[in-house]
Amino acid sequence: MKLKGFTLIEIVLYIGLASLVFLSISSLFSTLLQSNLKSRAISEVESNAVQIIQQITQTVRNATGINSPGTGSSAPALSVSVPTGSLSPTVFDLSAGTIRMQEGVNPISNLSSNVVTVSALSFKNLSGNSVQFSFIISRNNPEGRAELNYTQTYNGAATIR
């Protein structure tokens, strides 16, 4: 009478194959998770940059004049006169890694979120009615995870209409 079953060698082979399949799937999921985190970090930096650029550009286009920096000069802050008296002057500056905007005597509002840090904000008055600006945004990464590291430099320009 012949007993049916698996030999020890067959069991070891099946466990080895199953382990290889499991490790391959685990590695794939780990890579997908890291890619997802990197994509989110890039998206957070990009969305902050777009919001900042749009706000500065729109404000300058609608302004009636550039108060500072002076023509041909550069500065870490921009002050423009706007048609609505209560919102004039509108000032953009950098404080504690955040780009801020103050319209007249209204409270200061932050243009960048707390998940990013902004540095090297610079405005250059090109011609009295045109301004060029640049800044660097980095994704905050208190955990030190490599996939969350992302830094990008942005440049923009706007002209009063």
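Yes/no matrix, rows are residues, columns are (1) part of a strand (DSSP E or B); (2) in contact (Cβ under 8 Å) with a residue 24 or more places away in the chain:
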position	(1), (2)
43	no, no
52	no, yes
67	yes, no
71	no, yes
92	yes, yes
100	yes, no
112	no, yes
118	yes, yes
144	no, no
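Going through (1) in contact (Cβ under 8 Å) with a residue 60 or more places away in the chain; (2) in a helix (DSSP H, G or I) one by one, residue 20 falls short only on (1).
Against the definition (part of a loop (DSSP other than H, G, I, E, B), touching a strand residue (DSSP E or B) at 6+ places or on another chain (Cβ under 6 Å) and either modelled with pLDDT of 95 or more or not β-branched (Val, Ile, Thr) (or both)), how does residue 122 come out, yes or no? Here the answer is no, as residue 122 does not meet what is asked. If you go through the range 103-141 and keep only what is more than 21 Å from the chain's Cα centre (by Cα) and polar (S, T, N, Q), you end up with 106, 125, 127, 129, 130.
Quick one: would you say residue 157 is closer than 30 Å to residue 36 by Cβ and small (Gly, Ala, Ser)?
Values: closer than 30 Å to residue 36 by Cβ: no; small (Gly, Ala, Ser): yes.
No.
The values are calculated or read from the model by the stated rules, or taken from the named source; none is laboratory data. None of these values were measured; they are calculated from a predicted model. Reconstructed Cβ throughout: ideal geometry from the backbone, glycine too, with neighbour counts over all protein chains shown.
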